[in-house]
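The values are calculated or read from the model by the stated rules, or taken from the named source; none is laboratory data. If you're wondering where the values come from, they're calculated on a predicted model, not measured in any experiment. Neighbour counts are summed over all protein chains in view; Cβ atoms, including those assigned to glycine, are modelled from backbone coordinates with ideal geometry. These accessible areas exclude ligands, DNA and RNA; they are computed on the full protein's heavy atoms, side chains included. Shrake-Rupley method; radii C 1.70, N 1.55, O 1.52, S 1.80 Å.
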2 protein chains.
Amino acid sequence: MDKTQHTELKILEAARLVFHQKGFNGARMQEIADLAGINKALLHYYFRNKESLFEKVFNETFCQMASKMSEIFLSEMTLMSKIGIFVNFYLNFISRHSYVVQFIINALHDKPEQLREVILKQNLVPELLLEQIRKQLKEEMGLDIDPLHVYVNILGLVVFPVLAKPLIQSMFKVSDERMETFFEQRKKIVPTFIENALKGYEKDKSLV
Amino acid sequence: MDKTQHTELKILEAARLVFHQKGFNGARMQEIADLAGINKALLHYYFRNKESLFEKVFNETFCQMASKMSEIFLSEMTLMSKIGIFVNFYLNFISRHSYVVQFIINALHDKPEQLREVILKQNLVPELLLEQIRKQLKEEMGLDIDPLHVYVNILGLVVFPVLAKPLIQSMFKVSDERMETFFEQRKKIVPTFIENALKGYEKDKSLV
DNA sequence: TATGAGTTTAACCGAATGGTCAAAATTACG
DNA sequence: CGTAATTTTGACCATTCGGTTAAACTCATA
């Protein structure tokens, strides 16, 4: 059937918008129904309840993020190229989907378990990603650093400014326009920052 | 009267706990009342409504964070010493108050305006902080980098891992104990990472 | 001890919200 | 076309939740 798929898609799209912006607690089933242009009862006809609808949206969103991350970091390039591409891609992606990261972090904060089943169901193997980074750190830069720290550093430099955007803006009176150039600048600054940092480790390898 | 202050403090303490962990939407006035060991009506006797109670908690929490940041970065030390101390202090503080950052970010996401009045009321001048960093970058390291980028980088490296703790743990199957040593390691890794990165810029000052 | 302001409580209210149900509309199909 | 299955709707329900009210209790003080 075509029509039922169409409504289901419309519901999911509406749910995505509302859940991303307001989170589980802030979202209203009525608002999702309205946005999808349907009756609230129909919402429950397609998705048993709020939880299951939220779960669908969460899985979908998380997979989208995670698969792109894997794709980049498991590809055939130098580590520094990957980092450059990653930073660039995510700063673009996130500015168009600014709620996504906060959505994921909040969802996981409330229900940390829900991630493992997604990972299993989607055959994601995050450990491979770390192993790949470790290998490239060693082979390309002669570094014996814990890849998790490096990975978390990269994510932090990219993701945090997006999360903290409202904080930064109202704290330092940054206009929307200047904020946009700020993010644009980071596409260059962050990769250089990371490269400098990693190259600095080569000289003294003492620290873990 | 002593008794009234006592109840007010008990309320604020309870409200802090609940709001920090569950946010505005997730928090229930009843739960706060229970935790404070009082009647729900008494809650509204001391604080007009949920919003005003939340605002109190938010202001208090934010000021606590911000004032310590200012204190460190406006003190008389080299920039690198400040960074070391900052990283150390916040990794300790945050691990004991793990919800605080997420609480602030979420609150600001929902109501970005509420920050400015806090800043004004508390006489915080965030611009001074940036100016100080700019000056020290220039004088101590010969760098002409936008201090906002540097500041955001520092925050990102410290704060993001805390926000993403549940993500990291379930994604890479990290045990609670290993997570604790992970944060402990960062007290050394992050300052070195930043120092390396900044020193790397000295060689080619081309980038913004 | 009587008074009155300040404090605390139990009971209650109205609106919002997630969810249900039975009937109506639409579609699939023999 | 007729009938059964699927899809959609409006009305409705139970519960939760923020907030109110009026009465009761506490306690300082005159």
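Say R0 is 41 Å: what FRET efficiency, to the nearest 0.05, do residue A:140 and residue A:120 get from their beta-carbon distance? Write down the numbers at each step before the final one.
On the way: r = 31 Å, r/R0 = 0.77.
FRET efficiency, residue A:140 to residue A:120: 0.85.
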(request) Run the 1.4 Å probe and let me know the accessible area of residue B:18, rounded to the nearest 10 Å². (result) 10
(message) Angle check, please: helix A:176-203 long axis (alpha carbons) against the longest principal axis of chain A (alpha carbons), in degrees 0 to 90, nearest 10.
(response) 40
(message) Between residue B:35 and residue A:131, what is the label-point separation in nm under the 7 Å Cα-to-beta-carbon projection?
(response) 4.3
(message) Taking the alpha-carbon distance from residue A:173 and a cut-off under 13 Å, which aspartates and glutamates remain once sequence neighbours fewer than 8 residues away in the same chain are dropped?
(response) B:113, B:117, B:127
(request) Can you run the Rg to Rh ratio on the range B:1-60? Use alpha carbon positions and the Kirkwood inverse-distance Rh. (result) 0.93
(message) Apply the a/c threshold of 1.5 to the C-alpha gyration tensor of the protein assembly as shown and tell me whether it is rounded, prolate or oblate.
(response) oblate
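Please report, in debye to the nearest 20, how large the charge dipole of the range B:59-203 is about its Cα centre when each Lys and Arg carries +1 at its beta carbon and each Asp and Glu carries -1 there. Can you show the working numbers first?
On the way: 17 positive and 18 negative charges, 69 e Å.
That gives the range B:59-203 a dipole magnitude of about 340 debye.
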(request) Could you please state how large a percent of the accessible area of the range B:59-203 is carbon and sulfur, counting protein chains only and using a 1.4 Å probe? (result) 53
(request) Select from A:47, A:58, A:86 the residue whose mean-square fluctuation is largest in a Gaussian network model of chain A (Cα-Cα springs shorter than 10 Å). (result) A:47
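With n ≥ 4 as the cut-off for DSSP H runs, can you work out [θ] at 222 nm for the protein assembly as shown, using -39500 (n - 2.57) per run divided by the number of residues, rounded to the nearest 500?
Numbers: 22 runs with 338 residues, N = 416.
Value at 222 nm, helices only: -26500 deg cm²/dmol.
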(request) Enter the mean number of other protein chain beta carbons within 10 Å of the beta carbon of each residue in B:99-106, as an integer. (result) 4
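How much accessible area per residue does the range B:78-134 have, in Å², with a 1.4 Å probe? All intermediate terms of the calculation are to be shown ahead of the outcome.
Working: 2700 Å² over 57 residues.
That works out to 47 Å² per residue.
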(request) Quick one: accessible surface of residue B:51, probe radius 1.4 Å, all protein chains present, in square angstrom to the nearest 10. (result) 100
(message) For chain B, take the convex hull of the Cα atoms, compute a quarter of its surface area, and give me that in nm², please.
(response) 14.3
(message) Could you check the spin-label model distance between residue A:92 and residue B:25? Points 7 Å from the Cα along Cα→Cβ, value in nm.
(response) 3.1
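Sorted by accessible area (1.4 Å probe), largest first, how do A:91, A:9 line up?
Working: A:91 10, A:9 110 Å².
Ranked list, largest accessible area first: A:9, A:91.
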(request) Obtain the nm distance between the two label points defined at residue B:192 and residue A:110 by a simple spin-label model: each point lies 7 Å from its Cα along the Cα-to-C-beta direction. (result) 4.0
(message) Which one, A:183, A:19, A:172, has the greatest fluctuation when you compute a Gaussian network model over chain A with C-alpha springs under 10 angstrom?
(response) A:172
(request) Please give the solvent-accessible surface of residue A:127 in Å², to the nearest 10, using a probe radius of 1.4 Å with every protein chain present. (result) 70
(message) My understanding is that a pair violates if its Cα-Cα distance is over 26 Å; which of A:22/A:56; B:111/B:187; A:111/B:111 do that in this structure?
(response) B:111/B:187
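Find the Rg to Rh ratio for the range A:83-200, where Rh is the Kirkwood radius over alpha-carbon pairs and Rg uses the same atoms. Spell out each step's value before the answer.
On the way: Rg = 16.3 Å, Rh = 16.1 Å.
Answer for the range A:83-200: 1.01.
Within 10 Å of each Cβ in peptide B:145-156, how many partner chain Cβ atoms are there on average? Round it to a whole number, please. Walk me through the numbers on the way to the answer.
Details: counts 2, 3, 0, 7, 8, 2, 2, 11, 11, 2, 7, 13.
That average works out to 6.
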(message) Suppose we look only past 17 Å in the calculated P(r) of the range A:107-148. What percent of the Cα-Cα pairs does that tail hold?
(response) 50
(message) With the label 7 angstrom out along Cα to Cβ, how close does residue B:178 come to the same site in each of the other copies, in nm, nearest first?
(response) 4.4
